[in-house]
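Student: Attaching a single structure in structure tokens format; questions to follow.
The values are calculated or read from the model by the stated rules, or taken from the named source; none is laboratory data. On a predicted model such as this, the values are computed, not experimentally measured, just so you know. Every residue, glycine among them, receives a Cβ derived from its backbone with ideal geometry; neighbour counts consider all protein chains shown. We work out accessible area using only protein heavy atoms, side chains counted, and drop any ligands, DNA or RNA first. Shrake-Rupley method; radii C 1.70, N 1.55, O 1.52, S 1.80 Å.
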Amino acid sequence: MQVAGSGRQVLDGAAVHAWAVSASDALARLAPRIDALNVFPVADDDTGTNVALTVAAGRDALVRSRPVGGAQAVDVLARGALAAARGSSGVILGAWLTGLAEGLAVSTGTDHIDPGARDLVAALSVAAREATAAVERPSPGTMLDTADQVARGAQDGALDQVLPGAVDAARRALVDTSLRHPVLRAAGVVDAGACALLVLLEAFAAVLADRSGVDLGDWVPVARPHEHEDAGGGAFEVMAALGPRADAVAVRTALGARGDAVAVVGDPDGWRTHVHTDTVPQVLDLLAAHDLVQAVVRAVHGPHQPSAVVVTSEAGHAAWFAAAGAAVLLPGAVSDAALPDAVRQ
């Protein structure tokens with residue numbers, strides 16, 4: 001039995017690394033189950049896959065740098081995840097991790113003291129706010145509500161007491177929370193993004209309590225993958241990295257007028273955006289005017305891992321290649337002449 005207060009006293013780099021590894025393993029294992037729950041914002045069966053890949057990228061960034069300090073480690077995790085964020089759920093999770101890192105940095109200051117329980121409680125509130133702020137049209141009943149529930153339920157005291165009660169309460173409330181969303185209510189499923197976030201937080205709670213071998217996410221419902229009848233807000237997904245000079249407010253508003261599932265989140269390196277749209281050339285032209293570094297386009301209902309990747313500098317070709325089943329990469333600042341013949345389209 002775990003005795004309260006017998007876990008970690010501070011959040012150091014080793015704990016963050018253990019959290020990233022544990023969460024990444026659990027999310028990879030649970031990805032098919034979470035995918036099957038995915039009906040919002042678009043029923044494309046990829047929320048579990050997207051979050052698993054996003055967290056894995058953050059884990060890999062930690063493995064490469066292995067920072068010692070806890071706040072610094074969370075920052076590395078957030079930057080790595082955000083740089084490779086997949087789908088709207090991945091971008092929102094990247095925003096949540098960025099907010100967590102920002103909250104911990106404020107608490108620890110320039111002394112680089114490893115965060116304690118009170119620091120983590122405060123940072124969870126910042127994380128919830130940043131996740132909501134990243135979304136153009138936040139919807140009730142989703143992972144955003146779950147993030148807020150956990151932040152409000154976090155307990156000050158020993159570090160290992162911060163998360164368990166709040167995470168358990170949010171998990172018990174998951175059905176009622178999801179019923180607040182009309183699409184989830186009609187489909188009879190809980191929010192896939194909320195499930196992914198709760199698995200991430202369960203892994204965090206287990207590491208803080210020094211508990212290993214815990215079966216994470218066994219509670220995630222088993223659902224039958226659904227038929228895709230409606231592409232919702234658009235047939236294509238556009239994910240982009242923008243430079244730090246981009247006007248994030250203008251980008252968020254403009255993307256909201258051209259599609260759905262809009263998310264925009266930034267860190268000191270720049271901005272990451274996500275949108276589902278039918279007007280790919282117009283979206284790419286918009287992003288090009290806002291310090292575009294790179295964009296990826298794929299069909300919403302295409303495979304999670306397309307069999308081909310096409311690199312092109314022609315925005316007008318992107319939708320055609322994506323509709324054919326490829327993932328399309330557009331380098332924002334690279335001229336056609338600089339592209340190799342093998343990938344020039």
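Student: Probe radius 1.4 Å, ligands and nucleic acids ignored: give me the carbon and sulfur share of the accessible area of the chain as a rounded percent.
Tutor: Carbon and sulfur atoms account for 54 percent of the accessible area of the chain.
Student: Additional query: Where Rh is the Kirkwood radius over the Cα pairs of the stretch 139-196, the temperature 37 °C and the viscosity 0.692 mPa s, what D in µm²/s does Stokes-Einstein return?
Tutor: So the translational diffusion coefficient is about 283 µm²/s.
Student: Relative contact order of the chain: what whole-number percent is it, with Cα pairs under 8 angstrom and at least 6 residues apart? All intermediate terms of the calculation are to be shown ahead of the outcome.
Tutor: Details: 745 pairs, mean separation 59.2, N = 345.
Computed value for the chain: 17 percent relative contact order.
Student: Could you calculate the FRET efficiency of ASP176 with SER65 from 1/(1 + (r/R0)^6), where r is the beta carbon distance between them and R0 is 35 Å, rounded to 0.05? Provide the component values of the computation, followed by the final result.
Tutor: Numbers: r = 41 Å, r/R0 = 1.16.
Result of the calculation: an efficiency of 0.30.
Student: Compute the separation of the alpha-carbon centres of the stretch 24-77 and the stretch 252-288 and state it in Å as a whole number.
Tutor: A separation of 21 Å, based on Cα centres.
Student: Further, regarding this structure: How much length is gained on full extension from ALA169 to HIS112, taking 0.36 nm per residue of separation minus their Cα-Cα distance?
Tutor: Answer, rounded to one decimal: 17.3 nm.
Student: Continuing with this model, one more query. Could you state the accessible area per residue of the stretch 157-214 in Å², with a 1.4 Å probe and every protein chain left in place?
Tutor: Details: 2130 Å² over 58 residues.
Counting only protein heavy atoms, the per-residue value for the stretch 157-214 is 37 Å².
Student: Next up: Probe radius 1.4 Å, ligands and nucleic acids left out: which of TRP320, TRP96 has the largest accessible area, and how do the rest follow?
Tutor: Sorted by accessible area, descending: TRP320, TRP96.
Student: Mean shadow of the stretch 89-133, computed from the convex hull of its alpha carbons, in nm²? If you can, show how the numbers build up before the last one.
Tutor: On the way: hull surface 11.9 nm².
Mean projected area of the Cα convex hull: 3.0 nm².
Student: Also, quick follow-up: Solvent-accessible area per residue for the stretch 19-151 at a 1.4 Å probe radius, Å²?
Tutor: 33 Å²
Student: Report the residues of the stretch 125-159 in range of a label on ARG211: point 7 Å along Cα→C-beta, backbone N strictly under 19 Å from it.
Tutor: 150-151, 153-159
Student: Could you calculate the contour length gain from ALA288 to TRP219, that is, 0.36 nm times the residue separation minus the distance between their Cα atoms, to one decimal place in nm?
Tutor: 20.5 nm
Student: From the helices alone, meaning DSSP H stretches of at least four residues, give me the mean residue ellipticity at 222 nm for the chain, per-run term -39500 (n - 2.57), in deg cm²/dmol to the nearest 500.
Tutor: Numbers: 13 runs with 171 residues, N = 345.
After summing the helix terms and dividing by residue count, I get -16000 deg cm²/dmol.
Student: Continuing with this model, one more query. Please calculate the 1.4 Å probe accessible area of ARG8, with all protein chains present, and give it to the nearest 10 Å².
Tutor: 60 Å²
Student: Compute the convex hull volume of the Cα atoms of the stretch 67-113, divide it by the residue count, and report the result per residue in Å³ as a whole number.
Tutor: Convex hull of Cα atoms, per residue: 51 Å³.
Student: Would you mind giving the average projected area, over all directions, of the Cα convex hull of the stretch 238-315 in nm² with one decimal?
Tutor: Working: hull surface 20.7 nm².
The directionally averaged projection comes out at 5.2 nm².
Student: For LEU292, what residues show an amide H to amide H distance below 5 Å, using hydrogens built from the backbone and excluding near sequence neighbours?
Tutor: Correct list: GLY243.
Student: Along the charge dipole of the chain, Cβ charges K/R +1 and D/E -1, which of GLY193, VAL275, ALA288 sits furthest on the positive end?
Tutor: So the residue we want is GLY193.
Student: Based on the Kirkwood radius over alpha-carbon pairs, what is the Stokes-Einstein translational diffusion coefficient of the stretch 128-287 at 25 °C with 0.890 mPa s viscosity, in µm²/s? Each step should come with its number before you reach the end.
Tutor: Numbers: Rh = 17.6 Å.
Translational D for this selection: 139 µm²/s.
Student: So, one more: Which log10 I(q)/I(0) values does the stretch 123-166 give at q = 0.23, 0.33 Å⁻¹ under the Debye formula, counting every alpha carbon as one identical point scatterer?
Tutor: Each listed q maps to, in turn, -0.74, -1.15.
Student: Using C-alpha positions alone, give me the convex hull volume of the chain per residue in cubic angstrom.
Tutor: Numbers: hull volume 44.1 nm³, N = 345.
Taking the convex hull of the Cα positions in the chain, it is 128 Å³ per residue.
Student: Moving on to the next point. Mind giving me the nanometre distance, one decimal, between the label points for ALA250 and GLU314, set 7 Å out from Cα along Cα→Cβ?
Tutor: 2.9 nm
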